[in-house]
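See structure below.
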Amino acid sequence: MINAVRSLGRRGIETLWRGGVMARFFWLVITSSTMSFRRFSLTIREIYFAGVMSLVIIMVSGLFVGMVLGLQGFETLQKYGAEETMGVLVALSLVRELGPVVSALLFASRAGSAITAEIGLMKATEQLKAMDMMAIDPIARVVAPRFWAGVISMPLLAALFSAMGIFGGYVVGVALIDIDPGVFWSNMQAAVDFRYDVLNGFVKSIVFGIAISIIATFEGFDAEPTAEGVSRATTRTVVTSALTVLLLDLVLTAFMLRGVH
Amino acid sequence: MRTAYWFNATSLSHRSNTANHIFPLNQTNSTPLVEIDDVNFAYGKRPILKGISLKVQRGKVVAIMGGSGCGKTTLLRLIGGQLRASQGRIMVDGQDVGTLDADAMYAMRRKMGMLFQFGALFTDMTVFDNVAFQLREHTDLPEDMIRDLVLMKLDAVGLRGTAKFFPSELSGGMARRVALARAVALDPMLIMYDEPFAGLDPISLAVVGQTIRRLNDALGATSIVVTHDVVESMQIVDYLYFVSEGRIVGQGTPDEIRASTEPFIKQFVHAEADGPTPFHYPAKSYADDLGLTLPKGAA
Amino acid sequence: MERKNIDLMVGLFMLMGITALLVLALRVGNLGSERVTATYNVETHFDNIGGLKQKAPVKSAGVLVGRVTNIMFDNDKFQAVVTLTLDRRYKFPKDTSASILTSGLLGEVYIGLDAGGDDKELQNGDKITISQSAVVLERLIGQFMFGKAAEGTADKQPEKAESPTAKPAEKKAKP
């Protein structure tokens, strides 16, 4: 029993310590970022692997989520005679919450784990050390472009997720349930505020992008240079990213809600 | 336009050292290129090097030999500045490596080339791009000139035909030779080899060995080879150091080593199973481990 | 060749993402509908604005002619001061009245303008003097209950007034 408590304490201290190391790593990445922008082709290549390759999963998931929202919402709204506000339900849920959060979780699992595995493997095969010995800073050349690629891709993916979701809701509402399309859009436009909803969702997705990218790159860079080490690091990326995204979502939502009329 | 420097890989003749190098060497300087002076190093609490001192003269190929885990690779890391010694000095070309700041360290590293144990080629780019990497990052040379230089380096190791391949498509020996070409891309003054012979077939062994020697002489560089392959090293090096348990236990030219009667060197060179380097890892007595009681008089 | 492909895909990706963002902002949100036109401001006082909020629509004859841009409290008169920003294309006479209405039973609150007959028109900074406050449900119920109670006592009074006149009529009929 005492041992369990002791190990919990030890785990807690380790997590805190790792968080500190990650913060320092974050600072290193930011200060080594000039190469990522001066030689933007490096970052473009990483945007391809992180963003473009995630397009299919993001857009298909967005479509399905939107359609499900439409169906579920319709069933409940029907009881209050408010089926025509289904578009509002779908749009607000997606733009404020589900768009940024779900696409962040998907991005972390797909692109985040890939980045961790790639960097971890480079570490395990001594490629990072070789680069260091060739007088090229591996953080500037390998890590920073991947970080910025994640930060740039995330809001775009979140927007695509929301857009596909709204389209999915439209399909369900107008095609399946026979809601008038004009009413669908006009209700939605009246309820969704640019500054409060769309912009907040955008800000959320950027914050999530930063969090996921730094976690993914750090875990890869810090992985033990063995096969098990890389696999553990990949798992850690997905789990830590998911928890961090959800925690940040809570904090940001609470923070943003205060600004209501 | 900088004068390109031609390296004829097929002949064994030594080119003169008056070619224009990108980084000029001081050939008449007789001080050792690398001087390690009473260096201590420990990984955490485990001491690896306990008072090592050795010198590497310019233009020579020097081997550092010893059993596995004796600290040979650590020595290379210390020379390259990737690790810092807890005590002692490491001088490279007159500069104390331990006192250099980040920029000076990187400037120093541009004059060094390192071949890692399994090549450490960048797996996401072709062989050509691997060798061209340092040229593209550190020089402003135009692409056609880089192309010529890269093909020359690849030709020197006999792999010009693999330029478009990816590292995953190469065999172990070929990957290591490409890594060699990459290590000498900038004509460094010091080339370090970490176990270049490990795991190679006899033909590749001979090829790599001869390439190390030829490259060293043609570039007018200095080479340090960390290895435990006795046969191959004795054929190509000018001087050997033997490391055991963190200390230098023997040194000399290949002839001196062959004639040496010092027990450690003798065991190593003649590949004897037991001697100063014990066969058995320290453990309790065999009888105790098996739970036997020996009859009186038995060993 | 591979480089060019990658650049193309990344460019397409960023284009798609930005388009999605624009779609969300303009088509789904209400950014596009707020067309920037010339406007002028007009003030009104209300005793009670009910559920009126900022950015609430101002309609006349059911058509959107402006927005509520500011709601403040007048500490001297203890009234609500509402600033309406109206589209410059639409001119209203000086004796226009402003009422706070609800669209539907549970819908959003908006201000309805009823044009008067004055020759002179409202200019920037003018005041609408005739205003009708919001209907607050609780007060309505209170009034209704109070009204019902008042009706009950009024019924009893006319009964008492009738009886004294009835008796003298009977007395005259006897001899």
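Evaluate peptide C:5-18: per residue, the Cβ atoms of other protein chains within 10 Å of its Cβ; return the mean as an integer.
Across C:5-18, the average partner-chain Cβ count within 10 Å equals 6.
Specify which residue in the list B:222, B:261, B:236 is farthest towards the positive end of the charge dipole of region B:209-277, using unit charges on the beta carbon of Lys, Arg (+1) and Asp, Glu (-1), about the Cα centre.
Sorting the options by dipole projection puts first B:222.
I need the phi-derived Karplus couplings for region A:28-38: 6.51 cos²θ - 1.76 cosθ + 1.60, θ = phi - 60°, integer Hz, Gly and Pro marked x.
In residue order, the calculated couplings are 4, 5, 4, 6, 9, 8, 4, 5, 4, 9, 5 Hz.
Express the Stokes-Einstein translational diffusion coefficient of region C:39-138 in µm² s⁻¹, to the nearest whole number, given a Kirkwood radius over alpha-carbon pairs, 37 °C and a viscosity of 0.692 mPa s.
On the way: Rh = 13.5 Å.
Rounded, D is 243 µm²/s.
Across the residues of A:154-160, average count of Cβ atoms on other protein chains within 10 Å? List each step's numbers first, then the result.
On the way: counts 1, 4, 9, 4, 4, 10, 8.
Across A:154-160, the average partner-chain Cβ count within 10 Å equals 6.
Sum -39500 (n - 2.57) across every DSSP H segment of at least 4 residues in chain A, then divide by the residue count to get the 222 nm mean residue ellipticity, nearest 500.
So the helix-based figure for chain A works out to -25000 deg cm²/dmol.
Normalised by the residues of chain A, what does the relative contact order come to in percent, with Cα pairs under 8 Å and at least six apart?
31 percent
Placing +1 at every Lys and Arg Cβ and -1 at every Asp and Glu Cβ, with all other atoms neutral, what dipole size does chain B have around its Cα centre, in debye to the nearest 20?
160 debye
Just the Cα atoms of chain B: what Rg and Dmax do they give in Å?
21.4, 86
Would you compute the Debye intensity of region A:1-104 from its alpha-carbon atoms alone, equal scatterers and no solvent, and pass along log10 I(q)/I(0) at q = 0.24, 0.25 Å⁻¹ to two decimals?
Ignoring solvent entirely, the Cα scatterers give -1.17, -1.20.
Tell me the relative contact order for chain B as a rounded percent, counting alpha carbon contacts under 8 Å between residues six or more apart.
The value is 23 percent.
5 Å is the cut-off here: which amide hydrogens, built 1.01 Å from N in the peptide plane, fall below it relative to residue C:60, excluding neighbours closer than 5 in sequence?
The answer is C:65, C:113.
In chain A, what is the volume of the convex hull around the alpha carbon atoms, normalised per residue and reported in Å³?
With only Cα atoms used, chain A gives 171 Å³ per residue.
How would A:234, A:217 line up from fewest to most surrounding beta-carbon atoms within 10 angstrom?
Working: A:234 23, A:217 28.
Fewest to most other Cβ atoms nearby, the residues stand as A:234, A:217.
Over all directions, how big on average is the projection of the convex hull of the alpha-carbon atoms in the protein assembly as shown, in square nanometres? Walk me through the numbers before you get to the answer.
On the way: hull surface 254.0 nm².
The Cα convex hull of the protein assembly as shown, projected and averaged over all directions, gives 63.5 nm².
Can you sort C:14, B:112, A:67, B:125 from fewest to most other Cβ atoms within 10 Å of each residue's own Cβ?
Lowest to highest Cβ neighbour count: B:125, C:14, A:67, B:112.
How are the alpha carbon pair distances in region B:118-187 distributed across 10 Å bins from zero to the largest one, expressed in percent?
24, 60, 16, 0
Given H placed 1.01 Å from N in the peptide plane, which residues other than close sequence neighbours of residue B:113 have an amide H under 5 Å from its amide H?
Distant-sequence amide H within range of residue B:113: B:190, B:191, B:192.
Pop out the ³J(HN,Hα) list for region B:133-143 in order, Karplus 6.51 cos²θ - 1.76 cosθ + 1.60 with θ = phi - 60°, rounded to Hz; leave Gly and Pro as x.
3, 5, 4, 6, 6, 9, 10, 9, 5, x, 4
Output the peptides B:211-221, B:174-184 sorted from most to least packed, where packing is the average of other Cβ atoms within 10 Å over each peptide's residues.
Going by the mean number of other Cβ atoms within 10 Å, highest first, we get B:174-184, B:211-221.
Which order do the peptides A:197-209, C:138-150 take when ranked by the mean count of other beta-carbon atoms within 10 Å per residue, highest first?
A:197-209, C:138-150
Karplus couplings for region A:136-153 from phi (6.51 cos²θ - 1.76 cosθ + 1.60, θ = phi - 60°), rounded to Hz, Gly and Pro as x?
Rounded to whole hertz, the list is 10, 5, x, 5, 5, 8, 9, 7, 4, x, 5, 4, 5, 4, x, 5, 6, 6.
How far apart, in nanometres, would the label points at residue C:77 and residue A:137 be if each is projected 7 angstrom from Cα along the Cα-to-Cβ direction?
Taking the two extended label points, one gets 6.6 nm.
Note down the relative contact order for region B:118-187 as a percent, whole number, built from C-alpha pairs under 8 angstrom at least six residues apart.
Numbers: 84 pairs, mean separation 35.9, N = 70.
For region B:118-187, the relative contact order is 51 percent.
Would you list A:44, B:265 from fewest to most Cβ contacts within 10 Å?
A:44, B:265
In nm, what is the difference between 0.36 nm times the number of residues separating residue A:68 and residue A:27 and their Cα-Cα distance?
Result for the pair: 10.6 nm of gain on full extension.
State the Kirkwood hydrodynamic radius of region A:113-162 in Å, one decimal place, computed from all pairs of distinct Cα atoms.
Working: mean 1/r = 0.0822 Å⁻¹.
With all distinct Cα pairs of region A:113-162 included, I get 12.2 Å.
5 Å is the cut-off here: which amide hydrogens, built 1.01 Å from N in the peptide plane, fall below it relative to residue B:83, excluding neighbours closer than 5 in sequence?
B:78
Laboratory data are not the source of any read-out in this text; all were calculated from the coordinates shown. All values derive from a computational prediction rather than experimental measurement. Counting neighbours? That spans all protein chains shown, and the Cβs are built from the backbone with ideal geometry, glycine included.
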